[in-house]
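Read the structure below first, then the notes.
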Amino acid sequence: MKLSNAPPMSSEPDGLIFSVQRMAVHDGPGWRTLVFLKGCPLRCRWCCNPESWISEPELAFDSAKCIGAKKCGFCIGACPHSAILVSKQNGSIAVDRNRCCSCGECVDYCPSNARHIYGNRVTAPELLEIVEKDVMFYSRSGGGVTLGGGEPLLQIDFVTRFLDLCKKNGLHTAVETCGAVPWSNLERAVPSIDHLFFDVKSTDNELHKQYTGVPNQLILNNLQKLCSNYPELKLTVRIPVIPEFNDSPEQIKPIIKFLRSQPAISNIELMPYHRFGIVKYNTLNRAYPMEKVTPPSPALLKVLREMIPSGTRQRKEDF
Amino acid sequence: METIAEILTPQENMIRGQPDENSQLKAGKQTGVHSRLNRLRETKPRFSIERARLFTESFRQSKGEPQVLRWAKALKNVAQHLPLLIEPDDVIVGRGCSFPGRWGLVYPELEAGAIETLAEEALSGQTERYNLSPEDAVELKDQILPFWKEDSYFKKVMEHLPEDTLSVTSRNGDPNQWSGILVPTEATRHSAQWVPDYEKVLRKGFNGLKQEIEQRLQELDSLNWHNRVQKMPFLKAMILTCEAAIVLAHRYAELALTLSEKEKDRQRAKELLQIAEICHQVPENPARTLREAIQSQWFVQLLSRLEQKTGGVISNGRMDQYLYPYYKNDLEEGRITESEAQELFEHLWLNMANYVEMYAAGTGADFTEGYAHWETVTIGGKTVDGQDASNELSHLLLKSKREFPLNFPDLGARIHSQAPDRFLYDICNTIKQGTGSPKLINDEEIIPYYLSIGADASEANDYAVSGCAEARLMNRETYFRGISLINLGAVIEMTLNNGRIQLFENQRFGPETGDPGKFESWDQFFGAFRRQLVNLLMHMMTVRYISDTLAPQYLAAPLLSLLNDTCRNACMDLHTGNVPGGLHRSEFDFIGYATAIDSLLAVKKLVFEEKRLTMEELITALKDNFEGHEPIRHLCLNAPKYGNNDEESNRIGQAVERIGVEFCHQYPLFNGGRMHVRYIPITSHIALGFMVGATPNGRKANTYLSEGTSPSQGANTEGLGAVLLSNAATKCNRFNERSARLLNVKLVPATVEGDSGTRKLMSLVKTWMDLKLWHIQFNIVNQSTLLAAKADPEQYRDLIVRVAGYNAYFTDLSQDLQDEIIERAAYEF
């Protein structure tokens, strides 16, 4: 990723991002450039972005791309912490996670791109330059930038600075939040947000703790405050539909009931569980907690979707 | 990236035998035009020698006369004596041979030597792609070819090439063995492509045109020698050409009448009578109805094929403009319904599909797999006055593309900033059928292009799409030779190998630019690349000069000259090359653009900047085709690549283009016009890859090069937006000498599903237009379908895909090309 050559201003806060995805269409109007920020207060068991959890850079190793120590092995000499494990049998390589500190020294030595550091420090002006590469696509489609993660509002100094810059430069902004952040963070960011996506996972506090690692009180309070303090905000609530956790009318019903009491919500979307993130768990040497689960059936999703009040039901034609 | 559940396109549904209710493709219908469609691919195309026989017969008797007159006489001889055929379900009549099925022609005046090889192949039973009867092969060898053997255009061009140029274009000094480094297709075609002014014939009839010419002939000062040697023979040739068109139609009228008398089916007998009446009326006289207009138009196309080989490219021009008055009038007066009109067009499409452009030389066939030919129909765009031109006929032609599963003719939609949404919506829904049509051509790029090289606004607004992705001003532009291909992959290899090509016993084809191991800087390396490329450009211009200046002695095109205002007014044949008042330009192709950019970029990064490799290590790995050098290959594969919109690759891409355009700017053609750089591989990027060794972008030896201006297969990581942005950023806009950039995009069907999918596609098209990219076309097909078609060609014989600027049946393509299409990136968004 090419960054600005301008020397960083001392007052400029850093942000830690781990991915930029271009021409996305599901996270706000038009074509979007999706910026993923690193660090998250939740540990949802179904999470499809495990590389987003920790607020520090992290090494990922894709053994499928690695050509092995017999043919290559450049990383072994490059690693200052002796964190490369080599199989005596076939020369295959693995990461010793106890030793690896994600310094990234090995990355440049790997010819096959099997090693990657998730986590890139950028300043807001630098990030603006990165997303502005796509402006040609925004103007025709009413698109813009969407910040996701991780939890973007954890990096609140960086994020408000970036969103302000976007607004000053005429870009449409969207943010995806899990809601589990101090209210003051939301208060600081919301004035520069055109469209906020807010996740509500469960109204059952115990279940919420069990599956996400945190209670839901802060989240629900924040949502209520948003609705009463910012009635003009374009607000979409997303409900992940997760097998074992909330994939039944009984679980969804109280969520809808809660949301109905918040008139400022313009849209409610269901986000069906999927398994696209599994491969990333492997590259981070983490176990995938929902190995045996299958995605919800279209029939079930139809039933659940019909529970959403029609005025707030997400239309498919969002383009 | 998330994987979306597979959604089938209407085409895929039809082929898999599950047409959904909304599908507009009518499969398996057995009546009228559909029975013709079902018969189309039953037999292999066959070469007819009838045109060659009659053409040669006339030439034997006209020695010493001006070339254009000889050509017109020969054309008239063909028109008078060509054996005719009307098939039982023909509605628009006229074919260039006497047998049914798909047909092609041989042009001995062009390449007698290659045709002789073809005849020998036929006699020894080695023909796979076509039929040529043994009797015809013998007649060709014994009767026809001896007359042309010493005088065919190809031979003459090759004889006149300087030795050093020939040693670059061919191997071992044998002009028939092309090197594949610089491919001079100039010598194997009469011209690259053309769009005749059909409207003139529809409005005036050949009789009206003939009267105008006779008038001019009478008014000429016959004491002026200039008139006697140039204008009078030209005008006489024009008269003969008009007569040829009229006589051919009249003969069809008589045949239809005779058949009608014998016909037992009363309805068909009536239809044949109607055909007879129509052929009496047109193209002699002005057309009065849509059906007459279509019949008249087809006679012009047919005659053009009998006249010369335009590389399979005799485009239909702006059909929704010049046919619209007839369509509208017929509708208003209740003479025709929309669906009857559509069926007439479909008969015309089948007539075009029945003609197959066949190359006598194998190389030509390699470059145009799947029997490529281009009769592009232009729709939309601007009126002469610069207003939106789309109309009901534009929509009808789109509808026919959706409903009639045939890959010919190609449909090209002109897009501009004021094109109405209803037109874009219809276009995008047609693209979503999955058969690759229409391709899109950008007015916002092409109109300014023409203005910049000297066209008037009225002319520029009225350009027609021609061939793959090119454009034509049919009454202003003049001669257009075939295209030289420059193999950028070979340029990379020669830069790394001191001018030599490994596969050809390390023979030298370029200048000795030095041992790259001794280069001290990237600038030095790029300087060597530039010298290699410029050397090829110099030889390319040499070939062009020789073929341009020899052309008027050996070639002529009275019909196309008649239907071009500039030529007709100047009384000069199209092949003269320097017709006064004409807009002269020509083009050549860069092949393997991304292969070259990525290779340069890999050298710059890995060797000179990051110093992760020495030049010696890289060159050794390339010579060994990366065998035993796997880490190096991975480094090369993972170096930055064109198509991801990073500044470095964009800069190098622009620098490569600049070498071409700057050269063309500096060294004009003999007629003062300029050569222009374009990127239209057709299928040559497959064949031209076979002689190029491993390249620093990680590509293995003897495999295909990158295609058009697309990223190298598998190189894109940043998505489709980055591909478009890279394409825009690599244009060297400081010079005028740059034209068509072909851009193929493969999309996953699920990504454009439903109405919101259509709107996404519309938004994409508008952004493409804003970026002022010349051309774009879409393959919307599932990878699983392509893989299944490769494994089971019988089941998938009707699968149409976009190859380059044309569509073809997937199973007609070679394995290599099939693989290349499969490996092209499939985009989702």
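Overview of results
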quantity	calculated
Antiparallel bridge percentage (DSSP; both residues within chain A; nearest 5)	40
Charge sum, other residues only, whose C-beta stays under 10 Å from residue A:280's C-beta, Lys/Arg counted +1 and Asp/Glu -1	-1
Residue B:676 long-range amide H proximity, modeled H, under 5 Å	B:586, B:587, B:588
Positive-end extreme of charge dipole, the protein assembly as shown - chosen from B:795, B:713, A:48 (charges on Cβ)	A:48
Mean-position separation - Cα centroids, region B:486-536 and region B:161-222, in angstrom	34
Amide H contacts under 5 Å for residue B:467, placed H, 5+ residues apart	B:315, B:376
Virtual spin-label span in nm between residue B:172 and residue A:210, 7 Å along Cα→Cβ	8.1
FRET efficiency for residue B:339 and residue B:823, using Cβ-Cβ distance with R0 set to 30 Å, rounded to 0.05	0.15
Estimated 222 nm signal from helices in chain B, with DSSP H stretches of n ≥ 4 weighted -39500 (n - 2.57), rounded to 500	-14500 deg cm²/dmol
Gain on full stretching of the segment that runs from residue A:307 to residue A:248 - 0.36 nm per residue minus C-alpha separation	20.1 nm
Loop trypsin sites (Lys or Arg not before Pro), region B:572-647 (other Cβ atoms within 10 Å of the site Cβ: 10 or fewer; DSSP)	B:611
Nearest 10 degrees, 0 to 90: helix B:266-281 Cα axis against chain B principal axis	80
Fraction of antiparallel bridges per DSSP, chain B only, in percent to nearest 5	30
Antiparallel bridge percentage (DSSP; both residues within the protein assembly as shown; nearest 5)	35
Net dipole in debye of chain A [+1 Lys, Arg Cβ; -1 Asp, Glu Cβ; about Cα centre; nearest 20]	700
Inter-site label distance for residue B:149 and residue B:655 at 7 Å from Cα along Cβ, in nm	5.3
Most to least accessible of A:167, B:766, B:309 (protein chains only, probe 1.4 Å)	A:167, B:766, B:309
Prolate/oblate/rounded label for region B:111-176 (Cα gyration tensor, a/c 1.5)	oblate
Net charge dipole size for region A:58-118 [Lys, Arg +1 and Asp, Glu -1 on Cβ; Debye, nearest 20]	280
Coil-residue GluC sites (Glu not before Pro) of region B:134-179, DSSP, other Cβ within 10 Å capped at 13	B:150
Nearest-10 value in Å² for the accessible area of residue B:155, using the 1.4 Å probe	70
3J(HN,Hα) from dihedral phi, region A:225-236, Karplus parametrisation 6.51/-1.76/1.60, rounded to Hz, x for glycine, proline	5, 4, 5, 7, 7, 10, x, 7, 5, 6, 10, 10
Other-chain or far-sequence residues with amide H under 5 Å of residue A:234's (modelled H)	A:196
Estimated buried accessible area (total), pair B and A, 1.4 Å, Å² to nearest 100	2600
Å² per residue, accessible surface of region A:216-263 at 1.4 Å	47
Residue B:48 accessible area, assembled protein chains, probe 1.4 Å, Å²	0
Paired Rg and Dmax values of chain B, which use every Cα atom, in angstrom	26.1, 85
Per-selection metrics, the protein assembly as shown (Cα): Rg and Dmax in Å	32.6, 109
Local net charge near residue B:236, Cβ-Cβ under 13 Å (Lys/Arg +1, Asp/Glu -1)	+3
Surface accessible to a 1.4 Å probe, residue B:178 within the full protein complex, Å²	50
Evaluated at q = 0.16, 0.21, 0.25, 0.29 Å⁻¹: base-10 log I(q)/I(0), Debye formula over Cα of region A:58-118	-0.40, -0.72, -1.06, -1.47
Size of electric dipole in chain B: Cβ of Lys, Arg +1 and of Asp, Glu -1, about Cα centre, debye, nearest 20	1020
For region B:696-829, alpha-carbon Rg over 2.2 N^0.38 Å	1.11
Over chain A: helical MRE at 222 nm, DSSP H runs n ≥ 4 each giving -39500 (n - 2.57), nearest 500	-7500 deg cm²/dmol
Summed residue charge, Cβ within 10 Å of residue B:191's Cβ, Lys/Arg positive, Asp/Glu negative	+2
Dipole of chain B, positive direction: furthest Cα of B:138, B:487, B:417, with charges on the beta-carbon	B:138
Spin-label model distance (nm) - residue B:258 vs residue B:784, 7 Å beyond Cα toward Cβ	5.6
Whether chain A is rounded, prolate or oblate, judged on the alpha carbon gyration tensor where a/c under 1.5 counts as rounded	oblate
Residue-span extension gain [residue B:523 to residue B:228] - 0.36 nm each, minus C-alpha spacing	100.3 nm
Prolate/oblate/rounded label for region B:166-236 (Cα gyration tensor, a/c 1.5)	oblate
Tilt relative to chain B, helix B:232-262 - C-alpha long axis, 0 to 90 degrees, to 10	70
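The values are calculated or read from the model by the stated rules, or taken from the named source; none is laboratory data. Quantities reported herein were computed from a predicted structural model and do not represent experimental measurements. Neighbour counts run over all protein chains shown; Cβ positions are idealised from the backbone, glycine included. Remember, those area values only see protein heavy atoms, side chains included, never the ligands or the DNA or RNA. Shrake-Rupley method; radii C 1.70, N 1.55, O 1.52, S 1.80 Å.
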